[in-house]
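To start, the structure under review is shown below, and the notes come after it.
Any read-out appearing in this document is the output of simple, stated calculations on the displayed coordinates, not a laboratory observation. All values derive from a computational prediction rather than experimental measurement. Cβ sites come from the backbone with ideal geometry, for glycine too, and all protein chains shown count toward neighbours.
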Amino acid sequence: MTTTTQRITLDEFLAHHDGTDTCYELVQGELKPVGLGTGKHGKITQFLDDRLNDEIHRTAQPWTSQRFTVGIQSPWGNRRDTCRIPDITVMPIEQWDAMEDRESVIRAHEPPPLLVVEVVSPSTVTTDYRTKRTEYAVLDIAEYGIVDPTQLTVTICTWNEGAYDDQVFQGNQRIVSATFPDLQLTAAQVLQFGQG
């Protein structure tokens, strides 16, 4: 006996409520539960989001950094809807304000965010390094950060002529970001949530 998975659209995904606290991403039309992550994952994400917002305020950029709250629709994959929720999304404040009275999703036809960051968990290695990298590249997201506590690295993928160029940072190396060129933050500080 074979079973068929019912695929849903982005609009159905946005209206979906199953009566639980489970968070989902939409992947090629299928609901995929997203784990809560470890406390370390949450601490790294909060620390980095706070530092990015501090830098946005220091440099008076008209941007905002949001964690776990913005969906990004991707057209990648068999023409079925995909909607990812990055750990951190940096976008113009005007774009964030435009979501005030609607679901906080950047649709595929809208301008992409400036930067997205994913913090790797053991269960998300392939998704973060391969699948999401491809999806974010299709959307022309200028910068994609991958924070990997298992490998003790921070990878910055910078959009360049149709593909991402990677730069990997470890230990006391200062993270170089085109979006935040004056950011004074090392890989160790991020991975140790500010204690390094």
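Quick one: which residues, 5 or more positions from residue 115 or on another chain, have an amide H under 5 Å from its amide H? H modelled 1.01 Å from N in the peptide plane, none for Pro or chain starts.
Correct list: 90.
Counting Lys and Arg as +1 and Asp and Glu as -1, each charge on the Cβ, what is the dipole of the chain about the Cα centre in debye, to the nearest 20? Walk me through the numbers before you get to the answer.
Working: 16 positive and 28 negative charges, 114 e Å.
With only Lys, Arg, Asp and Glu charged at Cβ, the dipole is about 540 debye.
Using only Cα atoms, tell me the angle between helix 39-58 and the longest principal axis of the chain; keep it within 0 to 90° and round to the nearest 10.
Between helix and principal axis, roughly 60 degrees.
Mean separation of Cα pairs under 8 Å and 6+ residues apart, divided by the residue count of the stretch 29-169: what relative contact order is that in percent? Can you show the working numbers first?
On the way: 221 pairs, mean separation 24.6, N = 141.
Relative contact order of the stretch 29-169: 17 percent.
Any idea which of 42, 53, 123 is furthest toward the positive side of the dipole for the chain, if Lys and Arg beta-carbons carry +1 and Asp and Glu beta-carbons -1?
123
Quick check for me: using +1 on Lys/Arg Cβ and -1 on Asp/Glu Cβ, what's the dipole size of the stretch 39-151 about its Cα centre, in debye to the nearest 20?
460
Provide the per-residue ³J(HN,Hα) series for the stretch 126-137, in order, calculated from phi with Karplus coefficients 6.51, -1.76, 1.60 and θ = phi - 60°, each as a whole number of Hz, with x at glycine and proline positions.
For the stretch 126-137, the Karplus-derived couplings read 5, 4, 6, 7, 10, 5, 5, 4, 5, 4, 5, 5 Hz, x marking Gly and Pro.
Using helices alone, I'd like the mean residue ellipticity at 222 nm for the chain: each DSSP H run of four-plus residues gives -39500 (n - 2.57), total over residue count, nearest 500. Present the calculation step by step, with values, prior to reporting the outcome.
On the way: 5 runs with 43 residues, N = 196.
Calculated mean residue ellipticity at 222 nm is -6000 deg cm²/dmol.
What is the order of 165, 81, fewest Cβ neighbours within 10 Å to most? Show your work: numbers first, answer last.
Values: 165 10, 81 21.
In increasing order of surrounding Cβ atoms, one gets 165, 81.
What's the local net charge at residue 52, with K and R +1, D and E -1, over the other residues with C-beta under 13 Å away? Walk me through the numbers before you get to the answer.
On the way: positive: 51, 58, 67; negative: 49, 50, 54, 55, 87, 143, 182.
Net charge around residue 52: -4.
How far, in nm, would the chain grow between residue 57 and residue 110 when pulled straight, counting 0.36 nm per residue and subtracting the alpha carbon separation?
Details: separation 53, 0.36 × 53 = 19.08 nm, distance 2.47 nm.
Full extension from residue 57 to residue 110 adds 16.6 nm.
Multiply the residue separation of residue 165 and residue 192 by 0.36 nm, subtract the distance between their alpha-carbon atoms, and state the gained length in nm to one decimal. Numbers along the way, then the final one.
On the way: separation 27, 0.36 × 27 = 9.72 nm, distance 2.54 nm.
Extra length from residue 165 to residue 192 when fully extended: 7.2 nm.
Give the residue list of GluC sites (Glu not before Pro) in the stretch 45-105 that are DSSP loop and have at most 12 other beta-carbon atoms within 10 angstrom.
On the way: sites: 55, 94, 100, 103; in loops: 100, 103.
Loop-located and lightly packed - 100.
Go ahead and run the numbers for FRET between residue 129 and residue 101, Cβ-Cβ distance against an R0 of 41 Å, rounding to 0.05. Walk me through the numbers on the way to the answer.
Details: r = 36 Å, r/R0 = 0.87.
The pair residue 129/residue 101 has a calculated efficiency of 0.70.
If I stretch the segment between residue 178 and residue 32 completely, what's the gain in nm (0.36 nm per residue apart, minus their alpha carbon distance), one decimal? Provide the component values of the computation, followed by the final result.
Numbers: separation 146, 0.36 × 146 = 52.56 nm, distance 3.19 nm.
So the chain would gain 49.4 nm between residue 178 and residue 32.
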